[in-house]
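Coordinate-derived values only; no laboratory data. This is a predicted model, so every value here is computed, not measured. As a convention, Cβ positions derive from the backbone with ideal geometry for all residues, glycine included, and neighbour counts pool all protein chains shown.
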Amino acid sequence: MAKKRKEFVHLVAEESFENLMELRRGKSLQEELEVTIYREKQRVRVNPWKVDPEDDASYWEGMHQKLLQVDALPEEQKEEELKKILRKIVQRYSEEIAGHFNPSQYHVTKTLVTIGFGRLLNAARVKGPWSVFSNQLDLDDKIHIKGKVDELRRLAKIGTVVMVPTHYSNLDSVLIGWVIQFLGLPPFIYGAGLNLFNLKIFSYFMNSVGAYKVDRRKKNPLYLETLKAYSTIAIREGCHSLFFPGGTRSRSGKIEKQLKLGLLGTAIEAQRQVFQSLDEEQKQNKVFIVPVAINYHFVLEAPSLINDYLKRKGQQKYYEENDEYTTSYKISKFLLKFFTRGSDISVTIGDGMDVLGNYVDTRGNSLDKHGQVIDIRDYFKSNGEVTENLQREQEYNRILGKKIVEEFHRHNRIFSSQLVAYVAFRMLGRIHKHLDLYGLLRIQDDDLILNYEDFKAKFQEIVDVLKEKNARGEVGLADHMFKADMDEVISLGLKNLGMYHATIPVVKNKQGNIEVQSMNLLYYYHNKVLGYDLEKYF
């Protein structure tokens, strides 16, 4: 892909063009172009980013003028000129989206990330200004990689892996990049939000590993079809791929339930195209979906994310407060404090699946619910031939999305910090059951204190329930959740919960009771434990 980037980009543009012409279904090409160009001019004027091309404004104005000139042409020439404009636009989009993977830069970057993470983590163990130069601490001492690691390695050797992680922080992309190289996996292409390229610290990293850019400001069909074509072709040709199916960071802190199925559908489309190929060797190139659950004790952007969520959900009921970190300096400062304060990170590799959501064995064979081997090629056939059927594939996509959500919940490893937040928020909700969510978020002072012994008893009860669920494989638990001393578990949760935020969500006060200092942040971290039917215990 890197060696033939120009040809690859051209192929993306050509397939996008053909798909758009086929998908018109009677719609006017001129009208589609008019709407796209109008939206792009609005984007340039209202919402420009530093990472945008320097000629953005002049380019779209030029396209607008070309479209105006088409009106003066005879009808028989109009269609051809409109097609030329369409080709130019999808070619530009293809260039914008395409990554710039460079093998030598990739090796340099992964070395720097490994050293950088290691030095930062050393500072958590070895005190003193020179601790960042110590080799005492291994990265896996603080970044816990759990789950089906060996299975992932095997699948990467026999097929094409599409990794789909949960998404909470801008740190996720760097973290997953480190995990990929730490596990000895081949490079993966990334679908990374274009906004990350505004930050220099992430921009260099993303460009070096060949991330392709996803601009969520662009909602027009021309851009979305080009993006889908890029992902489909890459997977079809055997590039391991990674994208966040939630589409963006979880604003609420909840595990994603409503996935963006557009890019996810490209894995299904790529698998069908492989089955359709006349190349017998390529037909064996199976596509595997591997969910990944990421977890942190705290999330840097939590204050601004939850404010954004509450504002959208409550509209006039809620007033926004801004607390975002948007510069490379602030991100760097966060990374240093994040690691030096010793907070654990968990990355759980889920079970490998095929594009229909069936589990696969170590040889990549698809298994039905009874554990019997099945050939999923049959699910893409009509009258004995593998055929394209958009309605059928949309249904497969919906099924796959639902299965990924289930896997996210099953492999999520709950931390003590999140359970502290969950129990505290639920206990307050029980006490003030006459209030709705926004009323509850506004309570303050004496109403935000919980008796420690009552809190501890409820915390113990919920831990016992979660251990039962863990034994049944319904949820993961961090290792520290199995400590016998519940006071120690709670203390660890209080220590880690929101440790970097200006206002700590919850503390133990001088009287030894649980005191909430930020209901918004408490709600955010509480949300990570939703989805396990624990509410009935309150």
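Values for this structure:
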item	result
Counting DSSP beta bridges with both ends in the chain, the antiparallel % (nearest 5)	45
Under Karplus coefficients 6.51, -1.76 and 1.60, residue-wise ³J(HN,Hα) of region 189-195 in Hz, glycine/proline x	7, 10, x, 10, x, 4, 4
Under-5 Å amide H pairs with Asn412, H placed in peptide plane, nonlocal only	Gly476
In Hz, Karplus ³J(HN,Hα) per residue of region 257-265 (6.51, -1.76, 1.60; θ = phi - 60°; x = Gly, Pro)	10, 9, 8, 7, 8, x, 5, 4, x
Region 413-537: radius of gyration and largest Cα-Cα distance (Dmax), Å	13.7, 41
Trypsin sites (Lys or Arg not before Pro) within region 483-529: DSSP coil, no more than 16 neighbouring Cβ in 10 Å	Lys483, Lys510
Gyration tensor (alpha-carbon) shape descriptor, region 181-230, a/c threshold 1.5	oblate
Dipole of the chain [Lys/Arg +1, Asp/Glu -1 at C-beta], most positive-end residue of Ile85, Ser416, Val70	Ser416
Debye intensity ratio I(q)/I(0), log10, the chain, q values 0.08 Å⁻¹ (C-alpha model)	-0.58
Relative packing of 357-368, 388-399, which averages over residues the other C-beta atoms within 10 Å, highest first	357-368, 388-399
Loop GluC sites (Glu not before Pro), region 1-84 (other Cβ atoms within 10 Å of the site Cβ: 14 or fewer; DSSP)	Glu54
Unit charges on C-beta of K, R, D, E only; dipole of the chain, Debye	1000
Dimensionless Rg/Rh of region 56-114 - Kirkwood Rh, Rg from C-alpha atoms	1.34
For region 214-229, 3J(HN,Hα) per residue [Karplus equation, 6.51 cos²θ - 1.76 cosθ + 1.60, θ = phi - 60°, Hz, x = Gly/Pro]	10, 9, 6, 6, 8, 10, 6, x, 5, 5, 4, 5, 5, 4, 5, 4
Against the rule of thumb 2.2 N^0.38 Å, how large the Cα Rg of region 5-97 comes out	1.13
Amide H partners (placed H, <5 Å) of Gly193, local residues excluded	Val214
Relative contact order computed over the chain (Cα-Cα under 8 Å; 6+ residues apart), in percent	16
